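The values are calculated or read from the model by the stated rules, or taken from the named source; none is laboratory data. This is a predicted model, so every value here is computed, not measured. Methodologically, a virtual Cβ is constructed for each residue, glycine included, from the backbone with ideal geometry; neighbour enumeration extends over all protein chains shown.
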Amino acid sequence: MNALILTFIFAICMLPLALAISPLAKSARAKRIALFTNIVLCACLCLCVFAFPVAAQTVEENTTAAGTSIGSGLGLLGAALATGLSCIGAGIAVASSASAAVGAISENPKAFGKALIFVALAEGVALYGMLISIQIIDKL
């Protein structure tokens, strides 16, 4: 029963995201509002799912049948978020810096080395996120 309720709550939280990417939201303002609503609802859902049940359980109940604790599960979630969010940020940075680099190289072919450095610096953000997630997993 709890899984059904959580699935329903998750579906409600994803509804604004579906509205943001659908053709129904024609203006950029409506898409921003839907995306912001989705972020707030997902944060509240994560808070309800992870924070409140953990505070209510005792230490003996925090260990599952496989012998892993909720703390190690949250550590793995943090490692996944570190990698995922840093890769998304690196993708945004590479998209803007690479397009600017192509424009600079088309005007001046001698600027290839300088442009390549900026694209590589933007890609380094993803590597930093991966290193952080490796360190998190190493501590578990």
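Things to note:
- Which numbered condition ALA66 fails, given (1) closer than 29 Å to MET130 by Cβ; (2) part of a helix (DSSP H, G or I); (3) modelled with pLDDT under 65: (2)
- Failed item, numbered, when ILE39 is tested on (1) modelled with pLDDT of 70 or more; (2) loosely packed, with under 12 Cβ neighbours inside 10 Å; (3) outside the structural domain of GLN135 (by TED's automatic domain parsing); (4) in a helix (DSSP H, G or I): (2)
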